[in-house]
Every structure is written in C-alpha cells, then in structure tokens.
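Working notes, beginning with the structure itself.
FYI, it's all coordinate maths here, none of it is from the lab. Here the structure is a predicted model, which means the values were calculated and not measured. Cβ placement follows ideal geometry from the backbone for every residue including glycine, while neighbour counts extend to all protein chains displayed.
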Amino acid sequence: ALLVRVGWHGSQQVFRFNRRGGAPEPLTSGPRIHDPGNQSADGRVLTLMVDSPTTPPEVYVMDPRSGTKPRRLTNCNAELLRTRQFAKPKRFWVTAEDGTKVETWMLTPPGRTNVRGRPTVLQIHGGPHAQYGYSFFHEFQCQVAKGWVVVYSNPRGSKGYGRDHCAAIRGDWGTADWVDMQAVIAWMRARPEVNAKRMAIMGGSYGGYMTNWAMGHTNEFACAITDRCVSNLVSMGGNSDFIDKPDGYFPGNFWNKPERLWKCSPIRFAHKWKTPTLVIHSEGDLRCNIEQSEQVWAALQLRK
C-alpha cells in the first residue's frame with residue numbers, strides 16, 4: 001500500500017491506498033493536522049507530528065498496517081499549555097456571489113464572552129495552492145491575545161476541496177479568488193464581533209499578492225501588511241527560483257507575451273492604492289524576490 005497525506009477541509013489526514021486498487025482507507029481523523037514523517041523498515045511504525053488550533057505539534061507513532069490510533073510520544077508544550085489560553089476557531093461557510101461556498105474560520109480573544117466591535121485582521125494564506133485550517137498558528141494566537149479578532153478562509157485556489165476548487169485560478173489570479181475574498185470581506189463587515197471601521201488585511205507570499213490586489217480593489221481596510229509579496233508577475237517571471245515557463249502555469253511568457261502576467265499583477269492597480277501599508281520582506285527569499293516588495297514600496301512612496 002501507499003501511505004499518502006491528504007488535505008481536506010482544513011484538516012490533514014493519512015490515507016492508505018492499496019496498490020491493487022479500491023477505495024482509500026483513512027488511518028487518521030478529526031479536526032487536526034497529521035503530518036507523517038519516517039517509517040520503520042519493517043513498516044510497523046510510522047512517525048507523525050500532530051497538532052490542532054489549540055495544541056502545538058507533538059510527536060506521535062502509529063502502526064499503519066492495523067490503523068491503530070496514533071499514540072503520543074512527546075509532551076514538549078505542557079508548560080505552554082498550562083500557562084496560556086488559546087482561542088478555539090469557530091467555523092463558518094460564506095457564500096460568494098456565484099454560489100461558491102468558502103470555508104471560513106474566526107478566532108476571538110480567549111476568555112472573553114460576547115465579543116463585539118473588535119479590531120479585526122483578515123489573514124490570507126500563501127500558495128495559492130495551500131490551505132488554512134486546523135493547525136496551530138502562533139501568529140494568529142498572538143494577534144487574538146492582543147484583543148483582535150482573526151479571520152481566515154480557503155477561497156478558490158486553495159487545496160482541500162477537490163481538483164476544480166484548486167484549479168479555478170490556474171493561470172488567472174485575481175479572478176475567482178477575489179470573488180471569494182470579497183464575499184468574506186462583506187461577511188466580516190456584517191459580523192457583530194467585527195468593527196468594520198478597524199479591519200486590517202495581511203498575508204505572505206501569495207497572501208501578500210492578494211493583500212496588494214485588495215488594496216487596488218477596495219478601501220475597506222484601515223491598514224495592510226504585505227509580507228514577502230508578489231506584486232509584478234512579469235518581473236517575477238525571471239528572477240524567482242521558480243522560473244515561469246512559457247505557456248506553463250500562466251499563458252504566454254515574461255518577455256514578449258506578458259499580457260496575462262500583467263493582467264494578473266497587483267502593481268497594475270497601484271494608482272488606486274490608498275491603504276496605509278507596512279511592507280515586510282527578506283533578501284533571503286528565493287521564491288518571491290525582494291524586488292517584488294521594492295516595487296510596492298516605490299509606488300507607495302511616489303504616491304505619498
């Protein structure tokens with residue numbers, strides 16, 4: 001059999017696929033992340049890292065042949081769990097204007113009841129072909145501990161919802177993904193927990209891309225953080241460690257057929273940017289070169 005890590009609706013499970021065919025068999029379950037590691041030579045022991053939104057990762061082992069429940073080996077975070085409160089996410093489904101259902105989560109400050117009118121940050125994941133969900137995310141917990149509400153979702157382009165949901169923006173960013181993000185933003189405005197005048201948006205990598213895109217398409221946010229972002233897909237085509245091949249993921253190329261790349265580039269809408277923005281990047285980022293943020297910074301400075 002093959003042991004495969006499968007993402008589904010924010011969780012991450014281990015499945016067994018029989019080489020002779022048949023339905024895959026889930027070996028793990030529940031709203032948590034099961035991240036498989038090494039397996040013993042005789043196949044009797046599989047190591048995993050397991051975490052959830054309120055429990056940081058620990059090492060587990062299981063026998064994948066019998067499908068026994070994973071058994072925890074470590075308790076490295078006992079002191080942290082004893083001395084801190086962690087927010088547990090609430091799950092929602094937000095409907096986009098074309099009927100697409102977008103799985104969305106909200107964290108509210110722990111230990112508080114009847115949370116209303118709080119400053120709120122919308123977090124956007126990278127990838128874009130990845131997913132948010134039931135992992136322990138220290139950044140979210142630090143923000144919610146400050147008294148902010150944190151919202152995150154899996155718009156089209158995310159994994160975990162089947163091939164079509166993931167492929168909906170292939171070669172065409174800023175389309176169906178932005179339709180879904182607009183629905184999430186409208187949902188946020190209507191939530192009693194959220195102060196609609198004190199909403200922020202932030203994300204890294206593709207999350208920085210979508211932050212830049214949102215800045216050019218809405219003035220709903222009081223501030224933004226664009227982190228290790230993508231801003232200009234034309235210039236990025238030749239300087240990323242993931243070089244854009246002609247007619248590969250995006251139609252055309254970055255030298256004499258840049259039309260689709262330029263169409264999908266957030267820097268194209270810099271003339272509309274009005275949101276106060278913090279730019280974060282690193283010269284060591286080989287995927288999203290620092291020049292992507294330098295273009296954002298230059299445009300923001302020139303536009304004061």
Number of Lys pairs in the chain closer than 27 Å at Cα, excluding neighbours under 8 places apart unless interchain, is 29
Given a Förster distance of 45 Å, the FRET efficiency implied by the Cβ-Cβ spacing of R72 and E283, rounded to the nearest 0.05, works out to 0.70
The rounded separation in angstrom of the Cα centers of segment 124-171 and segment 1-49 is 22
The alpha-carbon pair-distance distribution computed for segment 188-304, with 5 angstrom bins and whole-percent values, is 2, 12, 21, 22, 17, 12, 7, 4, 2, 0
In whole Hz, the Karplus estimates of ³J(HN,Hα) for segment 148-153 (6.51, -1.76, 1.60; θ = phi - 60°; x where Gly or Pro) are 8, 8, 10, 10, 8, 8
Highest mean packing first, using Cβ neighbours within 10 angstrom, the peptides 216-222, 200-206 sort as 200-206, 216-222
For 54-66, 165-177, 277-289, ranked highest to lowest by mean beta-carbon neighbours within 10 Å, the order is 165-177, 54-66, 277-289
Net charge (Lys, Arg +1; Asp, Glu -1) of residues whose beta-carbon lies under 10 Å from that of P119, P119 excluded, is +4
Counting every C-alpha pair in segment 71-138, the percent lying more than 15 Å apart is 70
Taking the chain and counting helices only, DSSP H stretches of n ≥ 4 at -39,500 (n - 2.57) each over all residues, the nearest-500 ellipticity at 222 nm comes to -6000 deg cm²/dmol
Helix 206-215 sits off the longest principal axis of the Cα atoms of the chain, rounded to the nearest 10 on a 0 to 90 degree scale, by 40
Evaluated at 20 °C and 1.002 mPa s, the Stokes-Einstein D of segment 29-188 based on the Kirkwood radius over Cα pairs, in µm²/s, stands at 122
Env charge @ S240, Cβ radius under 15 Å, K,R +1 / D,E -1, value -3
What the Cα atoms of segment 219-277 span along the principal axes, largest first and in whole Å, is 39, 22, 15
Of all DSSP beta bridges having both residues in the chain, the percent classed as antiparallel (nearest 5) is 60
The simple spin-label model distance between Q39 and D247, using points 7 Å out along Cα→Cβ, in nm, is 4.0
Whole-number value, in Å³ per residue, for the convex hull of the alpha carbons of segment 146-248 is 126
For segment 13-114, the Cα-Cα pair-distance distribution in 10 Å bins from 0, as whole percents, is 13, 31, 28, 21, 7, 0
For the chain (alpha-carbon point model, no solvent) the Debye-based log₁₀ I(q)/I(0) at q = 0.08, 0.14 Å⁻¹ works out to -0.41, -1.14
